[in-house]
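Written out below as structure tokens is the structure these notes cover.
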Amino acid sequence: MKALVAALIFSFITLPALAGEARTAITFATDWKAQAEHGGFYQALAKGYYRDAGLDVTIRPGGPQVDLPRLMAAGALDVVMASNGFQPYNLAAAGVPVKVLMASFQKDPQVLMVHPDVPAAEIADLKGRPIFISDSAISTFWPWLKARFAFEDKQIRKYGYSLGPWLANPGSVQEGYLSSEPYSATIAGIEPKVFLFADAGYPGYAAMVMVRDDYLKDHEAAMRAFVQASIRGWQDYIHGDPAAGNALILKDNREMTPELLAYAVKAMHERGIVGEGDIVGTMTAERWAQFYREMSELGILPKGLDPASVYRLDFTRP
């Protein structure tokens, strides 16, 4: 009898530990401080979707001084959020083989916005107006805007991450992210007109899961589980109750507010940023090929790469 009791006690003590040890540890580095744009991942963590998939996931928030592609190239990070399609191609061109396994955003949330009384109904109507854009924008989507809408470099005004100059110049245009700058403008008393690049034909995905090839080779099953749990998290976060994920975001980012989170979730839902149902997380070879073709022809990406070399489409399938 004593032996039986001892065996039962041993099982209760050791089984949870063994189960914990069996989980694969994954550190996922995001591209900015915790925010709604990372909500699906935080939702999956908060709701236990990663744990249920046999994973022990740590989300590592980024920030203004964190260069994820450089850290990945140095081997310091294995699994990161790729903000845009330029990053995997530039890494591949530098001899760092990576794969994108899923896209959180079917539409890139990049926008241009103007004051409400500006007579503009689409991006093409902004030709000739001063545009506040960041240095990084000049080497990424600005050439696309020039080619598509005949914008000119003389329109560029430096965006120092303050809306002050745009607020003080009612005829100007402001670069932004759908869930960020429009909210700040609203708080400042301006309800802006917002033009989403994706609705004007911009082909890129955003907020993607990108992994080094050498890590993927040794952890393919774990990364499949991570992708599936993340997709479940995004479906739940955007189309369900985001409260659980938001609680973790607020814990990780003391500068975040419940009001901004609510605004961002609503904006992403209304503009179809994540998508619905089976499309969540998925990508197509056609979209990747279009993105590479257009950006390499504009000289933003190096020519001579295989457009299919930086992604895998099979991880989003159950």
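The values are calculated or read from the model by the stated rules, or taken from the named source; none is laboratory data. All of these numbers come straight from a predicted model, not from anything done at the bench. Every residue, glycine among them, receives a Cβ derived from its backbone with ideal geometry; neighbour counts consider all protein chains shown. Calculation scope for accessible area: heavy atoms of the full protein, side chains included, ligands and nucleic acids excluded. Shrake-Rupley method; radii C 1.70, N 1.55, O 1.52, S 1.80 Å.
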Selection from region 265-318 of residues that are without any contact (Cβ under 8 Å) to a residue 12 or more places away in the chain, surrounded by fewer than 13 Cβ atoms within 10 Å (Cβ to Cβ) and closer than 26 Å to A92 by Cα: E286, E297, K303, G304, D306, D314, R317
Residue in region 67-90 that is of a type in the set (K, R), in a loop (DSSP other than H, G, I, E, B) and out of contact with any strand residue (DSSP E or B) (no Cβ under 6 Å at 6 or more places or on another chain) present: no
Tabulated pairs, region 234-253, first under 7 Å from Q43 (Cα atoms), second open to solvent by 30 Å² or more (accessible area, probe 1.4 Å) and not in a helix (DSSP H, G or I), C-beta under 6 angstrom, 6+ apart or interchain: A244/K47
Which numbered condition A94 misses (of (1) farther than 29 Å from D199 by Cα; (2) in contact with a Phe, Trp or Tyr (Cβ under 7 Å, 6 or more places away or on another chain)): (2)
Options E191, E220: the member that is open to solvent by 60 Å² or more (accessible area, probe 1.4 Å) and under 22 Å from T284 (Cβ atoms): E220
Selected residue [modelled with pLDDT of 95 or more, more than 21 Å from M268 (Cβ to Cβ) and either open to solvent by 10 Å² or more (accessible area, probe 1.4 Å) or under 20 Å from the mean Cα position of the chain (by Cα) (or both)] from F132, F105: F132
